[in-house]
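I have placed the structure first, in the form of structure tokens, so that the comments after it can refer back to it.
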Amino acid sequence: MPSTKLKIAIQKSGRLYDDSLKLLKDCGIDFKDGINKLKTEADNFPMEVFFLRDDDIPQYVEDAVADIGIVGENVIYEKNKKVTVMEKLGFGKCRLSVAVGRNERYDGPAYLSNKRIATTYPVLVSGFLQKKNIIAEIHEISGSVEIAPGIGLADAIADLVSSGSTLFMNGLKEVETILHSEAVLIRHPNLDAGRHEILEKLLFRIRSVHKARHTKYILLNAPNANLKEIISLLPGMKSPTVLPLAEPGWSSVHSVVNENEFWDIIEKLKSAGAQGILVVPIEKMIL
Ligand code: PRT
Ligand code: ZN
């Protein structure tokens, strides 16, 4: 009997391609990448990788052609397929926003009443309009949405925004956010036990990689007289490791700190007499 493999669908090329590959590689999964390929097999993990257009991924996962997939939330909620969202992946961040001409006076969603809105996201936009009790005309177009107001095709647009420079360059301003989106891992709603087990292994690795990305390993030298104060500043996984230095009266302290509190803690450590502070990235973090 052939052994079970988990089939994952990722974007073939485009904004999610590099980060999706990197995530799998950071999880220790090796395979040849997807330029001019439809699928490949991992060398060291029971996984097959399919390279597809992002718009098709929810359908393939609903149909169990792929067991899992990596795709933007914007695509999932627009396509409304029967898939389960497992994990936010922290890349491909953007928002689906409504934008109008820079010089328009926008005073709330009522502005959009009876206006023409160009978008590639008709489902999400009509959901937004319904929620706001606004009746407007949605023009579904397949690309270059941002030029629609300039050529008289629409009064407003709803499109994905990340830096905002596309809107700016087209004389538009962002006035409403319909959805915040990032890449997520999705799965078919009913995976068999074998595939489920592989997925659990993958999720465990993904979470270890994420934890590590937000955490740094810190080493410093502390005068023994201030050890207590310095240790109290370091949360660590359990408690910091303290080792005596060759020089009497000094210790080496090792711990982990969260990225968010990092600069704050460094300042306090310095004022408490810590010296030779080294901060190094952590590759994986198993809790
Ligand atoms: O060929 P395929 O169908 O697979 O790819 P695609 O062309 O449909 O998608 P792609 O690669 O452009 O985007 C894939 C996913 O990346 C999207 O579904 C989003 O989840 C995510 N993402 C993140 C973005 C953006 N940021 C983004 N800025 N997708 C598109 N954009 C576009 C936006 O449509 C607009 O044209 O970038 C422009 C705006 O960018 P800023 O930086 O000027 O604001
Ligand atoms: Zn697409």
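The values are calculated or read from the model by the stated rules, or taken from the named source; none is laboratory data. In this text the structure is predicted, and so the values were computed from the model without any measurement. Quick reminder, even Gly has a Cβ in these numbers, built from the backbone with ideal geometry, and neighbours come from all protein chains shown. In case anyone asks, the SASA skips ligands and DNA or RNA and just uses the protein heavy atoms, side chains included. Shrake-Rupley method; radii C 1.70, N 1.55, O 1.52, S 1.80 Å.
I'd like the residue in region 1-25 that is within 16 Å of ligand 2 (Cβ to nearest atom) and under 13 Å from the mean Cα position of the chain (by Cα) and, out of all such residues, is farthest from Lys201 (Cα to Cα).
Looking only at region 1-25, we keep the residues that are within 16 Å of ligand 2 (Cβ to nearest atom), and these are 9-20.
Right, trim to under 13 Å from the mean Cα position of the chain (by Cα) and you get 15-20.
Working: Arg15: 26, Leu16: 22, Tyr17: 22, Asp18: 22, Asp19: 20, Ser20: 17 Å.
Here the answer is Arg15.
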Selection over region 4-19 where residues are assigned to a loop (DSSP other than H, G, I, E, B) and either under 19 Å from Val65 (Cβ atoms) or among the acidic types (Asp, Glu) (or both) yields a count of 4
Pairs with Cβ under 6 Å, 6+ apart, first in region 123-135 and under 18 Å from Ile157 (Cβ atoms), second in a helix (DSSP H, G or I) and open to solvent by less than 40 Å² (accessible area, probe 1.4 Å): Val123/Glu78; Leu124/Glu78; Lys132/Pro109; Ile134/Pro109; Ile134/Leu112
Scan region 23-48 for residues that are modelled with pLDDT of 95 or more and within 15 Å of ligand 1 (Cβ to nearest atom) and jot them down. Leu23
Return the pair list, or none, for Cβ contacts closer than 6 Å from residues in region 57-72 that are closer than 19 Å to Lys88 by Cα to residues that are assigned to a helix (DSSP H, G or I) and among the polar types (S, T, N, Q), at least 6 apart or on different chains. Ile70/Ser20
Near pairs, Cβ below 6 angstrom, 6+ apart or cross-chain, from region 151-166 (in contact (Cβ under 8 Å) with a residue 12 or more places away in the chain and over 15 Å from Tyr106 (Cα atoms)) to any residue that is of a type in the set (A, V, I, L, M) and within 16 Å of ligand 2 (Cβ to nearest atom): Asp159/Val145; Leu160/Leu96
Which pairs do you get when a residue that is within 15 Å of Asp54 (Cα to Cα), found in region 12-39, comes within reach of a residue that is of a type in the set (Asp, Glu) and not in a helix (DSSP H, G or I), reach meaning Cβ atoms under 9 angstrom, with the pair 6+ apart or on two chains? Tyr17/Asp33; Leu21/Asp33; Lys39/Glu48
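Yes/no per residue for (1) small (Gly, Ala, Ser); (2) over 24 Å from the mean Cα position of the chain (by Cα):
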residue	(1), (2)
Ile151	no, yes
Ala156	yes, yes
Leu167	no, no
Lys173	no, yes
Ala193	yes, yes
Glu200	no, no
Ile206	no, no
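Are any residues in region 169-205 among the polar types (S, T, N, Q) and either open to solvent by less than 30 Å² (accessible area, probe 1.4 Å) or not assigned by TED's automatic domain parsing to the domain that holds Leu16 (or both), and if so, which ones?
Asn170, Thr177, Ser181
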Can you name every residue in region 73-102 that is under 16 Å from His188 (Cβ atoms) and in contact (Cβ under 8 Å) with a residue 24 or more places away in the chain? Ile76, Lys79, Asn80, Lys82, Val83, Thr84, Val85, Met86, Glu87
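Given the criteria within 16 Å of ligand 1 (Cβ to nearest atom) and touching a Phe, Trp or Tyr at 6+ places or on another chain (Cβ under 7 Å), does Ala9 qualify? Lay out the reasoning, then the answer.
Numbers: within 16 Å of ligand 1 (Cβ to nearest atom): yes; touching a Phe, Trp or Tyr at 6+ places or on another chain (Cβ under 7 Å): yes.
When the stated conditions are applied, Ala9 passes them.
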If I ask for residues that are surrounded by 14 or more Cβ atoms within 10 Å (Cβ to Cβ) and assigned to a helix (DSSP H, G or I), which ones from region 225-261 would you list? Asn226, Leu227, Glu229, Ile230, Ile231, Leu233
Hey, Ala274 out of contact with any helix residue (DSSP H, G or I) (no Cβ under 6 Å at 6 or more places or on another chain), more than 29 Å from Ile206 (Cα to Cα) and at pLDDT 95 or above or not: no
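Just to be sure, is Ser113 hydroxyl-bearing (Ser, Thr, Tyr) and either over 30 Å from Ile70 (Cβ atoms) or away from ligand 2 (no atom under 16 Å from the Cβ) (or both)?
Details: hydroxyl-bearing (Ser, Thr, Tyr): yes; either over 30 Å from Ile70 (Cβ atoms) or away from ligand 2 (no atom under 16 Å from the Cβ) (or both): yes.
Spelling it out, Ser113 is indeed hydroxyl-bearing (Ser, Thr, Tyr) and either over 30 Å from Ile70 (Cβ atoms) or away from ligand 2 (no atom under 16 Å from the Cβ) (or both).
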Filtering region 41-51 down to residues that are aliphatic (A, V, I, L, M) and assigned to a strand (DSSP E or B) yields Met47, Val49
